[in-house]
Amino acid sequence: MIPMADGLTSKIRASISKLIDSGAHLDASKATEVIGKKLGLSERMINYTHIEIRNTLNEFDFKKTPYNERILFLPHCLKHSEKCIAKYNGDGLKCMDCGACQTSEIKKIAENLGYKGVFITPGGSMIKKIIAKYKPKAVLGVCCYEEANLAFDELKGKKVAPQAVLLLRDGCRNTLANIEEIREKMAMIDSKVAK
């Protein structure tokens, strides 16, 4: 689990900002190694750092995108595998708001902000199809480290600003998300765009 209350994530974000601000010409993985070594991070926190570097590099464009031009991707592994009543369609899992998992609550936050869409998918190829179909200008994915990196790589150089929030507990079944971190990331917007 990623500790959110101990201030370590704030230290990671500050280190990322300083590294980028210093004009260091490092790729994200090398920058992660530098920060990880400096702070003595565990592998899980190194992964978090890597994703936060990639988030920081894309944050400006994400914040410039109105909510109605953004899509939220949630992993289908977030559902409660024994209690979920949702059915799959061409755009992924159709949440029935049963409340058995965190999906419904997260989906409602995005809908209240006015997001273009919320999709619950197994990842990879379905995400590509949804992006091609709905043409968002920004996407936020809640996922494991591997899926986040694949998404960042896939969207590099395209006109879609990505952001990611790592799952607190992954493992491809009955996973767990940090709703407050997702809420914070979803709501990020430039004050001029928000008007």
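Values quoted throughout were computed directly from the atomic coordinates according to the rules given, and no laboratory measurement underlies them. This is a predicted model, so every value here is computed, not measured. Neighbour counts are summed over all protein chains in view; Cβ atoms, including those assigned to glycine, are modelled from backbone coordinates with ideal geometry.
Number of Lys-Lys pairs in segment 128-195 with C-alpha atoms under 17 Å apart and a separation of 8 or more places or on different chains: 18. Could you work out how far helix 28-39 tilts from the main Cα principal axis of the chain, as a 0 to 90 degree angle to the nearest 10? So the inclination is approximately 70 degrees. Peptide packing for 100-110, 170-180 was compared via the average number of neighbouring C-beta atoms within 10 Å per residue; ordered from the highest value, the list is 100-110, 170-180.
So between MET188 and LYS83, what do we pick up on full extension, going 0.36 nm a residue minus the alpha carbon distance?
Working: separation 105, 0.36 × 105 = 37.80 nm, distance 3.24 nm.
Gain on extension, MET188 to LYS83, equals 34.6 nm.
On the basis of the beta-carbon distance and an R0 of 25 Å, CYS98 and SER42 show a calculated FRET efficiency of 0.10.
Taking the longest Cα principal axis of the chain as reference, the axis of helix 124-134 is set at about 70 degrees.
Only DSSP H runs of four or more residues enter the estimate; each adds -39500 (n - 2.57), and after division by the residues of the chain the mean residue ellipticity at 222 nm equals -14500 deg cm²/dmol. Rounded to the nearest 10 degrees, the angle from helix 8-21 to the longest Cα principal axis of the chain is 60 degrees. A Cα-only calculation for the chain places Rg and Dmax at 16.4, 50 Å.
A straight Cα-to-Cα reach below 18 Å connects LYS38 with the aspartates and glutamates ASP6, ASP21, ASP27, GLU52, residues fewer than 8 places away in its own chain not being considered. Among MET96, MET126, a tally of other beta-carbon atoms within 10 Å of each Cβ gives an order, fewest to most, of MET96, MET126.
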